[in-house]
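Structure, as C-alpha cells:
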Amino acid sequence: FLSKDHENRERFLFIVGRLFEYKGELGNAALFFSQLNQQNDYWNAFAWNEKRGRTVFNVTFYSDYYRYFDANYSAKELAEILAYVEDLRSNYKGKQLVQLTEHILNEKLRITDLIGTKHLREDNLASAVRWFEKVPEGYWKADSNYYAFYLAANPFYVDFYSQHEETAADTVSYTKYEIASKLDQLIKQVKKQKGDKRAKTEFLIANCYFNMTTHGNSWMMRRSWWSANAYNTIYVDSDEFNKCLKAKDHYLAAYESAKSPMFKALCLRMAGRCESYQLFFDEDYQYDSDYEAVGGYREYVFRKNTNYKRLKEEFPQYERELITNCYSFNRFYNSI
C-alpha cells in the first residue's frame, strides 16, 4: 500500500488537477495528472473512479494519466494540451513548472498517436491521417508499442470467419499511418467509380472498418488494449467498435453498386455477419428460457438478422452455400 506521505502527495496532485479541469484549464490539469503514480508501481498506485459511471473495458478506475486522457479528452482537447505543454516548455524559464512538462513531452509520440486515434474514433479520417503522419516509422515498428505484432495482419481482408487468426492474405502488413492513409485513398477513389469496380472498392473499405472493430485483426487502430469480451464503454466509438456499423454500411453500399448477383449475395452475407455482432451485443437473450423456444442462440440471431433474411429471399440459390460453406468465399469474391 501507499505510505501516508505518498498517498497525500498523489491525492494533492489529483485534487489540483481536478480543480484545473473543472475550470476548463485542461493544459494545467494535464500537467498535474501526468505526475500521478510516477513513483509507484501498479499494485501500490493511487486510483480514481471513472466520473461518468461507465467502464473502460472491464475496469471503472484509472491509475495513470494516459488512460484517463485516452478515455475522457477529445482529439481537439488533447491537441490543445500538447501545444500548451510544448509552448510552456519553450517559453517559461521557471525550473519547477518546466519539470511538470517532462512526462508528457517524454511521451510526445505516444500522445501524437493517441490524437490521431481519437480523430479516427470521432470519424475524422483525414485528420487522423495527418496526425499519424507526424509519427516516425521507427515508432510504429518498435517492439515496445506492440504494433508490429498486433497489426501484422492484412486489414483489407475479411472472410466469413476470420477474426484474430492468421489468414492466407496476411503476407502484407501496414503501419497504423499506412492503414489510415490507404483507407482514406480508397474512400476518395470509390466516389469516382461505378458498378462492379465501385462495389469491389466499397468491399475493401468495409473490410478495413470491420477489422478496426473488436472482432477484427486491426483492433489496435482504435484501442491500446483489447478484451475478448464486448463492453459498453465510455469511448465515443463504443457502438462502432462493438457492432461493426460502418463495415455493414459499406458492405451494403457494395451490394447496391454490384452488377454480379454472386457478389451482391456475398455483400449481404458479410453485412449479415456485421449485423449478427450487433444482435449479440444488443439482444437480451435468456439462455435458460429462450433456448428450447427458438432452437438455440444461433437460430435466435438468424431469425432476427435482416440481411440474412434478404440473402435468403433474394438469392435462395446461394444462401445455403454462403452460410454453411466457409470455402465458398473466394468463388463469390472473384465473381467480378
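The values are calculated or read from the model by the stated rules, or taken from the named source; none is laboratory data. Keep in mind that this is a model prediction, so the values were computed, not measured. Virtual Cβ from ideal backbone geometry, glycine too; neighbours counted across all protein chains shown. Ligands, DNA and RNA are excluded from the accessible area calculation, which covers all protein heavy atoms including side chains. Shrake-Rupley method; radii C 1.70, N 1.55, O 1.52, S 1.80 Å.
Inspection of the stretch 128-147 finds a residue satisfying the criterion of being small (Gly, Ala, Ser), open to solvent by 60 Å² or more (accessible area, probe 1.4 Å), under 29 Å from Ala75 (Cα atoms) and not in a loop (DSSP other than H, G, I, E, B).
All told, Lys176 falls short of being open to solvent by 10 Å² or more (accessible area, probe 1.4 Å) and among the basic types (Lys, Arg). The C-beta contact set for the stretch 63-88 (first residue touching a residue at least 60 places away in the same chain (Cβ under 8 Å), second residue hydroxyl-bearing (Ser, Thr, Tyr), distance under 7 angstrom, 6+ apart or interchain) comprises Asp70/Ser224; Ala71/Tyr235; Leu88/Thr101.
Scanning the stretch 15-33 for residues that are of a type in the set (A, V, I, L, M, F, W, C) and in contact with a Phe, Trp or Tyr (Cβ under 6 Å, 6 or more places away or on another chain), which turns out most open to solvent (accessible area, probe 1.4 Å)? The qualifying residue most open to solvent (accessible area, probe 1.4 Å) is Val16.
Of everything in the stretch 73-117 that is open to solvent by 80 Å² or more (accessible area, probe 1.4 Å) and among the polar types (S, T, N, Q), the residue that is modelled with the lowest pLDDT is Gln96.
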